[in-house]
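Here's the structure we're looking at; comments come further down.
Taken together, the values in this text are just the output of simple stated rules run on the coordinates, not laboratory data. Please read all numbers here as calculations on a predicted model, not as lab measurements. No Cβ is skipped: glycine too gets one built from the backbone with ideal geometry, and neighbour counts run over all protein chains shown.
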Number of protein chains: 2
Amino acid sequence: MAVRKKSRAAYHHGDLRRAVIDAALVAIERDGIAALSLRELARKLAVSHQAPYRHFADKDALLAAIADEGFRTLVQRLRAGPPLTGDVTRALTESGVAYVRFAVEHPAHYRVMFATGGERRDPLATPGGAYDLLATGVARGQEAGVLPAGPKQELALLCWTVAHGLAMLAIDGKLGPAPAALATARATIALQVRTLAVAATAR
Amino acid sequence: MAVRKKSRAAYHHGDLRRAVIDAALVAIERDGIAALSLRELARKLAVSHQAPYRHFADKDALLAAIADEGFRTLVQRLRAGPPLTGDVTRALTESGVAYVRFAVEHPAHYRVMFATGGERRDPLATPGGAYDLLATGVARGQEAGVLPAGPKQELALLCWTVAHGLAMLAIDGKLGPAPAALATARATIALQVRTLAVAATAR
DNA sequence: ACCTGAACACCGTTCAAGT
DNA sequence: ACCTGAACACCGTTCAAGT
């Protein structure tokens, strides 16, 4: 029994790549990116400290993979919201909430996505990426008269700024514990959308 | 000559504490907080690797000192803006610009101020701190009729969110190179202040 | 696609003993 | 308020040789 157990435990059966990423997310969430240690991950997964190098060239490649995964998931979440064909005000609000919710639910992903050091690309600016979705939303909002006229780019940046700002404040604990933080973020987004709508109809 | 040079170089004459902080800021700006190494700082300053410990209990104490310095400087910069007794719209705009400018000019400070890991306090919430200044500005804005009515706290959080969001995007290079980034931030802040003013007078 | 095991140059931090 | 120097347990990363 002991022998069988040992010989079976010698190899990691399953998706080590996945397991390394998941363990890294847990570690980052607890101790921050700075404290991430590949050797510690390997220890926790009971594989040799060299095994992770089968899947990631180095520590930065692991972080890049996490960032990639984060951007893909974020776009999915944004696409899952209410369609822009209906109530545009609501759609814009829910998009913002979904953005912050993603950050709150995946703080390690979000941190890595916007961390420096790796000089990573900017998948937000990718065609079909999050920024594209935002630009479309802004255009619809202007057509529907719930966003003020003016350069779409400026408005899109303002919206992203609010979402990103709230996301960072939320995962840094500046908006209180997780459930309250999301409610506060929602209220702030709603205030912003309302303000923009009022300004749009004012002239 | 060689002897004299060696014996004089043996000690660090001057403010080692200051020198360590400055060297840390340079290192963080270049390689990020994660890559900061006390031993490397000591080497660069030509002191023993143990000397910095005279001034900082550990690495985290050094980061805490940097964060402290950052919060103090930020408050100074915000206080240096145009007074709230005059053109409130302009004062609010310049406050926001000063906030982002601080981040752009002191990216390492700003990063450390909002970095996790150290579980630091929140000097923003300190009496007389940055958040107090913001709350006062919001109150004046409402009195002057350039900010919409409503809970001051919600408006203050929205303003902080925009400033913090722009600051983070700027130092992460998402707004382009430094000079352009500040201009973009200014335009975004102006758009937000204008929108709020229009919404305030709409009803 | 994993393993063991050795190796290298680096860390943060502590200690002991100096000036 | 600094120094030298040794020490400890840790890192990321590379290599060699296995299954």
Report, as a whole number in µm² per second, the diffusion coefficient that Stokes-Einstein gives for region A:9-117 at 4 °C and 1.567 mPa s using the Kirkwood radius over alpha carbon pairs. 84 µm²/s
Here is the link list: A:K152/A:K174; A:K59/A:K152; B:K59/B:K152; A:K174/B:K44. Which ones come out longer than 32 Å on Cα distance? A:K59/A:K152; B:K59/B:K152; A:K174/B:K44
Whole-Hz ³J(HN,Hα) from phi, Karplus 6.51 cos²θ - 1.76 cosθ + 1.60, for region A:153-160, glycine and proline x: 4, 4, 5, 4, 5, 4, 5, 5
Just how far, in whole angstrom, is region B:146-174 from region A:173-203 if you go by their alpha carbon centroids? 11 Å
For the pair B:Q50/A:A135, report the inter-label distance in nm, with labels modelled 7 Å from Cα in the Cβ direction. 6.0 nm
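Compactness ratio of chain A: Cα Rg over 2.2 N^0.38 Å, N = residue count? Don't skip to the end; give the middle numbers.
Working: Rg = 20.7 Å, N = 203, 2.2 N^0.38 = 16.6 Å.
Here the answer is 1.25, to two decimals.
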How far is B:G176 from the same spot in each other copy, in nm, shortest first, if each label point sits 7 Å from Cα toward Cβ? 4.0
Distance in whole Å from the B-onto-A rotation axis to the closest C-beta of chain B, together with the residue it belongs to, please. B:G165, 1
The set of residues whose placed amide H lies less than 5 Å from the amide H of B:F114, leaving out same-chain residues fewer than 5 positions away, is none
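Mean separation of Cα pairs under 8 Å and 6+ residues apart, divided by the residue count of region B:9-56: what relative contact order is that in percent?
Values: 30 pairs, mean separation 20.3, N = 48.
Relative CO of region B:9-56 lands at 42 percent.
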Can you compute the charge dipole magnitude of the protein assembly as shown about its Cα centre, using +1 on each Lys and Arg Cβ and -1 on each Asp and Glu Cβ, nothing else charged? Give it in debye, rounded to the nearest 20. 1120 debye
Would you give the gap between the C-alpha center of region B:34-77 and the C-alpha center of region A:49-87, rounded to a whole Å? 34 Å
Chain A, relative contact order in percent, only Cα pairs under 8 angstrom and at least six apart counted: 20 percent
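What is the packing order of peptides A:61-68, B:93-100, A:43-50, taking the mean over residues of other C-beta atoms within 10 Å and listing the highest first? Walk me through the intermediate numbers first.
On the way: A:61-68: 19.2, B:93-100: 22.5, A:43-50: 13.8.
By packing density, highest mean first, the sequence is B:93-100, A:61-68, A:43-50.
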Full-stretch length increase - A:R194, A:E69 - with 0.36 nm per residue and alpha-carbon distance subtracted: 41.7 nm
Can you compute 3J(HN,Hα) from phi for each residue in region A:176-190, using the Karplus curve 6.51 cos²θ - 1.76 cosθ + 1.60 with θ = phi - 60°, rounded to whole Hz and x for Gly and Pro? x, x, 3, x, 5, 4, 5, 5, 4, 4, 4, 4, 5, 5, 4
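Averaged across the residues of B:25-35, what count of C-beta atoms belonging to other chains lies within 10 Å of each residue's C-beta? Write out the running numbers ahead of the final one.
Details: counts 0, 0, 0, 1, 1, 1, 2, 6, 6, 11, 2.
For peptide B:25-35, the averaged partner shielding equals 3.
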About its Cα centre, what dipole magnitude does region A:9-56 give when the only charges are +1 on Lys and Arg Cβ and -1 on Asp and Glu Cβ, stated in debye to the nearest 20? 160 debye
Isotropic mean projected area of the C-alpha convex hull, the protein assembly as shown (nm²): 26.2 nm²
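Evaluate the charge dipole of chain B about its Cα centre and quote only its size in Debye, nearest 20, assuming +1 on the Cβ of each Lys and Arg and -1 on the Cβ of each Asp and Glu.
Values: 26 positive and 18 negative charges, 164 e Å.
Approximately 780 debye in magnitude.
Report, to two decimal places, the Cα Rg of region B:9-56 normalised by 2.2 N^0.38 Å (N = number of residues). Provide the component values of the computation, followed by the final result.
On the way: Rg = 10.3 Å, N = 48, 2.2 N^0.38 = 9.6 Å.
This ratio for region B:9-56 stands at 1.07.
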